[in-house]
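I have placed the structure first, in the form of structure tokens, so that the comments after it can refer back to it.
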């Protein structure tokens, strides 16, 4: 299977992932389930890699995915500069145990 379906229709899944990636890049730390966390970490790394490129086309690509222009500005100005010499591995996934309601494995996804 090429990607995780996360129990959602395609439009709902895309909207949920856009929200999660935007929140991760804005707050630099989110708590979510393991499957969502792995997907979000990969997408956030793509956005940071595009931001490191820094050209207009990369900015438009990131802006078409993220929901907030202030977050796009933050990613291009501060986050890309912070990871300028790093070749990937911008996120960390830490397991924090099962969720109380349904015992789903929970993780913290954060920028390194």
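Every read-out reported here was derived from the displayed coordinates using simple, explicitly stated rules and does not represent laboratory data. Every value quoted in this text rests on a predicted model; they were computed, and no experiment measured them.
Structure notes:
- The angle between the Cα long axis of helix 34-53 and the longest principal axis of the Cα atoms of the chain comes to about 0 degrees, rounded to the nearest 10.
- Taking Cα atoms only, the orientation of helix 10-27 departs from the longest principal axis of the chain by about 60 degrees.
- Calculated on the alpha-carbon coordinates, the convex hull of the range 10-111 measures out at 96 cubic angstrom per residue.
- Helix 56-65 vs. the chain, principal-axis angle (Cα, 0 to 90°, nearest 10): 20 degrees
- Dimensionless Rg over Rh [the range 56-107; C-alpha; Kirkwood]: 1.16
- Helix-only [θ]222 nm of the chain, DSSP H runs n ≥ 4, -39500 (n - 2.57) each, per residue, nearest 500: -15500 deg cm²/dmol
- Relative contact order of the chain, defined on C-alpha pairs under 8 angstrom at six or more residues apart (%): 33 percent
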